[in-house]
Amino acid sequence: MIKSGSAFIVRWWIPLLAVWIVGLVCISYIAPDFSDVISPGEFDFLPPEADSLKAEKIFRQAFEKDLLRSLVVVNVRRTSRPEGLTTPEEFKDKQIDRKNDLDFIENDLRPELEKIIANHNAQEQAENSAGEDTPLSQEDYLDKAAKAVTTYTDPILGPLLQSEDGQASMILVELPNDFLDARNGSIIAAIEKLIFENPTFRKVIPPGLELTISGTATVGRDMNVAAKHSADATESVTVILIVVMLILIYRAPIMALIPLITVMIVLEVVISILSLLAANNIMGVFEAMDIYVTVVTYGAGVDYCLFLIARYREELEVGLHYDEAISNAVAKTVAPLMASAGTSIVGIGMMIFTDYKKFQQAGMGISLGIFIALIATLTLTPTLLRLMGKWAFWPKIAQERPGETPGWVSRSTLVIRILESNPLERLWKKLALIISAMPGKLLFGFIGVMMPFAIISVVCFNFLSYGLLTELPDDSRSVVGSRAVQEHFPAGTLGPSTILLVNKDQNFLLEKQVQLMKKISDSLYKQRKELGIEDIFSSAYPLGMTPKSLEKQKSLEEGVSRIKRLGMRRRTMDQYVGKKQPLAEHVSRMDVIFNQDPFTQGSITQLNRVLEELDVLLAELLSGNTDVYALGPTASIRDMKKTTDSDQLKVAVLVLIGVYLVLVLLLKKPAICVYLIVTVFFSYLVTLGVTFALFWAMDPTGFAGLDWKVRMFLLTILVAIGEDYNIFLITRIDEERQGRTPIKGTLLALTKTGSIISSCGLIMAGTFCSLMAGSLVGMQQLGFALAFGVLLDTFVVRPILVPSYLVLLERGLFGKYSCYFGAVNPPK
C-alpha cells in the first residue's frame, strides 16, 4: 500500500502540485487576516471558575460603575524644586506670566485627554452602528469622556493621585477594553502625539514640567508592539538561518530552496486554517501564537524534508531514475516520518488538556502545523523534486544520465566529494569506538556533569516571573513611565487589589457596618509592615489611611453643613457599597495598595496574607457567612499562577505517558522506552537549570525568574522533538542488528545516522534561536532554552547516553535481569 501510494505521487505529480497551488490560493483568499481574529487579553484566558473572574462577575452585579479593564496613567511631575508642583496659591499674589502646574493639569491637559476619548468613542460608535443608530452629539461624547478621566480634583480618588512629596500628580484615563486589546493602541498613540509631539500643546506645558505615560493599557500596547516586532524578526531570522544552513549542507541553492518553499507554503496554509477556525468560533487564537506555530513548523518541516531528500540522494546514488528514486524515498521514509510527527503531535497536543486557554490553543495550533508539514513533506516535496529534476543539484549538474551510472550523485557536489573522504563518518566511528571501550564512564560521567543543573531546575522550578514590565525593553514608554511613577508613589498604586465582602445578612450602608469596616481596616493597617500594605481605602476611610489622608478627611468634614456631609457620605457609599440588586447593600468594597509591583510573586504572597487575615477577622467580628473575593492585577496573576502550576503537573504526566505509549507502539520495547523517556525528561531539567543559571548570571540583581510560559513550552516541545531523534536512532539500530551482534548493530546505527540527525538538530536549534531576535525577554529565554535543549538531545542524549546504556545492557551490567530491561540478546 505504501509502495503504491508513493508510486501514485510520482505518477501524478503535476496534478498534485496543482492541487497544492490552487488550495494555497483559495485558502489564502478566503481566510481573514490572522491579526483580525486574535482574542486579546491575558486574564480572559483563565478558566471560568477562577476566583478573580468570579470576583469580577460579583463586582458587575453589585456596582453601577463599570469594572475598570485597563488604564492609561499620565504622570506629571516637577523634581527641580523640593516643593514639587506649583499650585494656584503660590501664583495668586505674584505677578507670574505663566500657568501653575495644577491649573495646567485641570484646564489644559484634562480637556485634551477628554477630546481624545470622545473622538475615539465617536469613531468606534460610527464603525459599529453602520448608520443604524442615531449618533450622539459631540457634547454627549465629551460628557461620557469626562467620566473616564480622573485628576487630583476628584473628591474621592483625588488624594490618591497626589504624591506624598508633592512632586507628582497622576491623571487616570479609564479604558473599557482589556489591557492587551489592540483597540487601545489608537487612543494611546493619540495621547503620545499630544504630549510628546504636538507643538501647540507643548507650548502650554509649564517650563520644567515632566510628563510620562504608563498604566496597564500602555504596558499592553507596548507588549503588542514588541510581540509584532518579535514575530517579524523571528520569521525573517528563521528564513535566513535555514537558507544559510541548507546551502551549507547541499551546496545547491535550488535543493536548499525546496524545503524552504515547502515549509513556507505549509505555514501559509496553517495560519489561514487557524484564522478560519477562529473567525467561525471553532477555536481561539491569541497574540504571538503565530510565533510559536511558525518556529516549530519551520523546524519540524525542514527536518522532515531533510530526511526525505537524504533518502532520495541515496536512491539516486545506487543508479535509480528520478521517478523511481523519489518513489522509493517516499516509501522508505513514510513510516519513520509518521512516527516522528505522531510523537510530536501527541506530546505537544497534550496541552489541549490544560485549563489555561492559551496553552490549549498553542497545543492545537502547533500540532496542526506539524501535521500539515508531514502531509506536505510526503506529497508536495516529492513533486518539487520531480519538477526540478537534475536542476535541483545546480550548479554541479551531473553529465551522466540517472538510472545508468550508479554513484553519479556523489560526484555532483563539492560537499558530497568531501563526505566521500569520510571525515564526519570517521568522527562518528571514533565516538562509537569510545562508547564500546568505556560505556559506563561516558554514561555516568555525562550524567554527573549534567546533574547539578537538573538540581538547579528542581530548586528554582517555581521561581517564575509573571511581570509585564520585566518582559519589555528598558526604553519602552510604559517602562520609563512606570519608573517615574514609582519614584513618587508606592509600587502597587498602578494596580490596587480590590477585595469584596459579600454577606446577604448584612447591610453595609448602615453605620454599624461602616464601623465594622473601620475595625477591619484598622486591624489590617496595624499590621501593614508584616502584610506589605501601603494604604487601605474603604467606606470608613474613603481617602485612605495615611496620616496625610486622615488629615485631609478631617479637614473636609470640619466646618461643612450637614447637607454637604450627607452628600460626601453618599458619594463614599456609591464608591464602596453596591447599589445594583439583588446584591446591592450586601456587598462592601475595600481597595488595598501594596508596596510591591502588582505583577510580581511578592504581591501574590502579600494578597494571600491579607485574605488569610481577613478570614480570621471576619470570623471574630461578623456573624453569618461572608464570602471574600479579590480582583485586580495581583488577584488575576495569582489565579494564573495557580492555574498554570496545575497545568504544568498535569501536562508533564500526560506528555510523558502519551509519548511513552507511542514509543512502545512503535518500538515494541517497553523497558528501553522507559529509559528514552527518562533521558529526555532529564535533559529537560538540565536545560531548565542551565537557562536559570545563564539568565541569572547575566543580571544577578534584576533577574526576577524565568518567564512563566517557558516551563510549559519547553517541556512539551523538547520531550516531543527529543524523542523524534531517538526514534530515528532506535529504528536504525533494529535495522543494523540484522545479521550482526547487538552491540555492533547499535554502534553502526550511531555511525550511519550521526550526520543526518545532527544536521536536523542544528536546523531545529537554529529555528529556535530565531526567537531570541525579538525584544521580549520571555521569548529570548524560551528561544535559548529550546535551542540549548535540542542541541543537548542531538549531541549528548542521542549519541552518548542512549548508545552507552544499550551497550551496557547487552554486556549484562544489570546481571541476569538485563532481558527485562530491554536487552535484545542478554548474556547467558
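Results for (1) within 25 Å of K529 (Cβ to Cβ); (2) at pLDDT 95 or above; (3) among the acidic types (D, E), shown as yes or no for each residue.
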| position | (1), (2), (3) |
| --- | --- |
| P598 | yes, no, no |
| L622 | no, no, no |
| R638 | yes, no, no |
| D647 | no, no, yes |
| K650 | no, no, no |
| V662 | no, no, no |
| T691 | no, yes, no |
* Filtered residues of region 268-285 (kept if outside any loop (DSSP other than H, G, I, E, B) and surrounded by fewer than 22 Cβ atoms within 10 Å (Cβ to Cβ)) -> E268, S272, I273, L276, L277, A279
* Asked: Taking region 193-219 only, how many residues are part of a helix (DSSP H, G or I) and open to solvent by 20 Å² or more (accessible area, probe 1.4 Å)?
  -> 9
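Which one of L676, L667 is buried (at least 22 other Cβ atoms within 10 Å of the Cβ), within 20 Å of T343 (Cα to Cα) and touching a residue at least 24 places away in the same chain (Cβ under 8 Å)? Before the answer, list the steps.
Details: L667 fails: buried (at least 22 other Cβ atoms within 10 Å of the Cβ).
Answer to the check: L676.
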* Would you say I188 is outside any helix (DSSP H, G or I) and either modelled with pLDDT of 90 or more or buried (at least 23 other Cβ atoms within 10 Å of the Cβ) (or both)? -> no
* If A584 passes every condition in (1) touching a residue at least 24 places away in the same chain (Cβ under 8 Å); (2) open to solvent by 40 Å² or more (accessible area, probe 1.4 Å) but one, which one does it miss? -> (2)
* Structure fact -> The condition from (1) assigned to a helix (DSSP H, G or I); (2) farther than 20 Å from V346 by Cα that T701 misses is numbered (1)
* Asked: Restricting the search to region 439-484, which residues are open to solvent by 80 Å² or more (accessible area, probe 1.4 Å) and outside any helix (DSSP H, G or I)?
  -> N462, F463, D474, D475
* **Where F508 falls short, out of the listed (1) surrounded by fewer than 20 Cβ atoms within 10 Å (Cβ to Cβ); (2) in contact with a Ser or Thr (Cβ under 8 Å, 6 or more places away or on another chain); (3) among the hydrophobic types (A, V, I, L, M, F, W, C)** => (1)
* Asked: What is the number of the single condition among (1) touching a residue at least 12 places away in the same chain (Cβ under 8 Å); (2) open to solvent by 50 Å² or more (accessible area, probe 1.4 Å) that R60 does not meet?
  -> (1)
* Filter region 143-161 for residues that are over 36 Å from the mean Cα position of the chain (by Cα) and without any contact (Cβ under 8 Å) to a residue 12 or more places away in the chain; which is most open to solvent (accessible area, probe 1.4 Å)? -> D143
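Condition check: surrounded by fewer than 16 Cβ atoms within 10 Å (Cβ to Cβ) and touching a Lys or Arg at 6+ places or on another chain (Cβ under 7 Å). Does L621 satisfy that? Quick ask: steps written out before the conclusion?
Working: surrounded by fewer than 16 Cβ atoms within 10 Å (Cβ to Cβ): yes; touching a Lys or Arg at 6+ places or on another chain (Cβ under 7 Å): yes.
Yes: the conditions hold for L621.
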* All positions within region 314-330 that are touching a residue at least 40 places away in the same chain (Cβ under 8 Å) and surrounded by fewer than 19 Cβ atoms within 10 Å (Cβ to Cβ) -> E317, V318, G319, H321, D323, E324
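For the subset of region 197-228 comprising residues that are farther than 19 Å from K99 by Cα and among the hydrophobic types (A, V, I, L, M, F, W, C), which member is farthest from the chain's Cα centre (by Cα)? Spell out the reasoning first.
Just the residues of region 197-228 that are farther than 19 Å from K99 by Cα, to begin with: 197, 212-228.
The next check asks that each one be among the hydrophobic types (A, V, I, L, M, F, W, C); those that pass are 213, 217, 219, 223, 225-227.
Working: I213: 25, A217: 18, V219: 15, M223: 11, V225: 14, A226: 12, A227: 10 Å.
In this case the residue turns out to be I213.
Would you mention how many residues in region 557-573 are assigned to a helix (DSSP H, G or I) and open to solvent by less than 60 Å² (accessible area, probe 1.4 Å)? Explain how you work it out, then say what you get.
Taking region 557-573 first, the residues assigned to a helix (DSSP H, G or I) are 557, 562-573.
Add one more test, that the residue is open to solvent by less than 60 Å² (accessible area, probe 1.4 Å), and what stays is 567-568, 572-573.
Summing the residues that are assigned to a helix (DSSP H, G or I) and open to solvent by less than 60 Å² (accessible area, probe 1.4 Å) in region 557-573 gives 4.
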* Structure fact -> By residue number, the members of region 230-244 that are hydrophobic (A, V, I, L, M, F, W, C) and surrounded by fewer than 18 Cβ atoms within 10 Å (Cβ to Cβ) are V239, I240, V243, V244
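Of everything in region 164-185, what is of a type outside the set (D, E), farther than 30 Å from M545 by Cβ and open to solvent by less than 70 Å² (accessible area, probe 1.4 Å)? Give them in sequence order.
Residues of region 164-185 that are of a type outside the set (D, E), as a first pass: 166-173, 175-177, 179-180, 182-185.
Checking which are farther than 30 Å from M545 by Cβ leaves us with 176-177, 180, 182-185.
Scanning region 164-185 gives N177, L180, N184, G185.
The values are calculated or read from the model by the stated rules, or taken from the named source; none is laboratory data. Because the structure is predicted, anything quoted here is derived from the model rather than measured. Ideal geometry is used to build each Cβ from the backbone, glycine not excepted, and the neighbour counts take in all protein chains shown. The accessibility values were calculated without ligands, DNA or RNA, using every heavy atom of the protein model including side chains. Shrake-Rupley method; radii C 1.70, N 1.55, O 1.52, S 1.80 Å.
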